[in-house]
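Got a structure for you, questions after.
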Ligand code: RIB
């Protein structure tokens, strides 16, 4: 059994870069087209593995070429894939990603195989969850599966990092079972219905989530770092200023690094500092999985920044 278990999404990302996003009804000539494995869960898992984490991936692939490419990659990265399932009901999930010259992105994910993963599939791996030290999840799978996972984690006393992306309003029941909730600014606003234009507003929104039962809110703020909110108070943990060319998977690498650092016994603040560095390095490279740094790259980055 692995120390960290990521329950989540796979995808084959089809990325197009361009100067500016097309307007409604407009056709534009783009720059480059890239095809790379991604998916928030997959990115978080590989981020963790590249930092030296002992990690298992749980999820569903289609019985197709994309599924095989992704599974081979996971094996090469040293991830435990013994409970990754394959379906012939749907193809492997595809994400369509547009990136403009200022490194902003727009993403559409077609649910496909990720949404075939069921509560029954999850119940079949209860032993895996019971024997892991940290569970990492996102919201690219069915919400009822994630709710069941949170229930299982609470029952088995396993801490859970929930990256609420893509954001949807969540029940108090689910939130109260989450140990670490890691929204970005937009997700923080969707979860609370509260504006997040200023740091004070973000703190108010984070407090709303604490009041609803989340143990620790860690709101990622891009190059400004991350806001940590819990019973001991609120604090911004500084980030790194870098030249961003592609922000895809920055949040994912942050979550993977956070899990690895916490399992290694680092304090929450130390873990967030490391995760900020990993997220910063990720935005300096193109693609999802290709942009995820290794342990030695992160150590060198921290030394020189
Ligand atoms: O967070 C980035 C990921 O979101 C991409 O890899 C894409 O697959 C989408 O799921």
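We did not get these values from a lab; they are worked out from the coordinates using the rules stated. Bear in mind that the values here come from a model prediction, so they are computed numbers and not experimental data. As a convention, Cβ positions derive from the backbone with ideal geometry for all residues, glycine included, and neighbour counts pool all protein chains shown.
Evaluate the relative contact order of the chain (contact order divided by residue number), counting alpha-carbon pairs under 8 angstrom at least 6 apart; express in whole percent. Could you put the intermediate results ahead of the total?
Working: 708 pairs, mean separation 55.9, N = 305.
It comes to 18 percent, rounded to a whole number.
Residues in segment 251-271, backbone N under 18 Å from the label point at residue 238 (7 Å along the Cα-to-beta-carbon vector): list them, ranges by number please.
Answer for segment 251-271: 269-271.
Ok, one more. For the pair residue 85/residue 73, report the inter-label distance in nm, with labels modelled 7 Å from Cα in the Cβ direction.
Distance between label points: 2.2 nm.
Among 254, 21, what is the fewest-to-most ranking by other Cβ atoms within 10 Å?
Values: 254 28, 21 14.
Exposure proxy ranking, most exposed first: 21, 254.
Under 1.5 on a/c is rounded, so check that first for the chain, then, if it is not, pick prolate when a/b is larger than b/c and oblate when it is not; a ≥ b ≥ c are the square roots of the alpha carbon gyration tensor eigenvalues.
Rounded.
OK, next. Mind computing the radius of gyration and Dmax over the alpha-carbon atoms of segment 160-208? Å is fine for both.
So, for segment 160-208, Rg and Dmax equal 10.2, 28 Å respectively.
Continuing with the same structure: Gain in length, residue 16 to residue 198, computed as 0.36 nm per residue apart minus the alpha-carbon separation, to one decimal in nm?
Result: 62.3 nm gained on full extension.
Sticking with the crude label model, points 7 Å out along Cα→Cβ, report the distance from residue 130 to residue 31 in nm, one decimal please.
Each label point lies 7 Å from its Cα, and together they span 5.2 nm.
Further, regarding this structure: For segment 80-120, just say rounded, prolate or oblate: build the C-alpha gyration tensor, square-root its eigenvalues into a ≥ b ≥ c, call rounded for a/c under 1.5, and beyond that prolate if a/b exceeds b/c, oblate if not.
Details: a/c = 3.34, a/b = 2.34, b/c = 1.43.
In terms of gyration-tensor shape, prolate.
Between segment 1-50 and segment 201-230, how many Å separate their Cα centres?
25
Based on the Kirkwood radius over alpha-carbon pairs, what value in µm²/s does the Stokes-Einstein equation return for the translational diffusion coefficient of segment 49-149 at 4 °C and 1.567 mPa s? Could the numbers behind the result be given before it?
Working: Rh = 15.0 Å.
Calculated translational D: 86 µm²/s.
Give me the extension gain from residue 231 to residue 297: residue separation times 0.36 nm, minus the current Cα-Cα distance, reported in nm with one decimal. Numbers along the way, then the final one.
Values: separation 66, 0.36 × 66 = 23.76 nm, distance 3.39 nm.
Roughly 20.4 nm would be gained on extension.
Taking the beta-carbon count within 10 Å as an exposure proxy, list 12, 33, 18, 152 from fewest neighbours to most. Please list the in-between numbers first.
Details: 12 24, 33 9, 18 15, 152 21.
Least crowded to most crowded, the residues run 33, 18, 152, 12.
Return the percentage of antiparallel bridges among DSSP beta bridges fully within segment 155-305, rounded to the nearest 5 %. Before the final figure, lay out the partial values.
Numbers: 9 of 14 bridges.
Of all bridge pairs located within segment 155-305, approximately 65 percent are antiparallel.
Per DSSP H run of n ≥ 4, the term is -39500 (n - 2.57); total these for the chain, divide by its residue number, and report the mean residue ellipticity at 222 nm rounded to 500 deg cm²/dmol. Present the calculation step by step, with values, prior to reporting the outcome.
Details: 11 runs with 111 residues, N = 305.
That comes out to -10500 deg cm²/dmol.
Looking at segment 33-146 only, what percent of DSSP beta bridges run antiparallel? Nearest 5 please. Could the numbers behind the result be given before it?
Details: 6 of 10 bridges.
So the antiparallel bridges amount to about 60 percent of the total.
Follow-up. If neighbour count is taken as other Cβ atoms inside 10 Å, put 240, 117, 180 in order from fewest to most.
Numbers: 240 18, 117 22, 180 25.
If I rank by nearby Cβ atoms, fewest first, I get 240, 117, 180.
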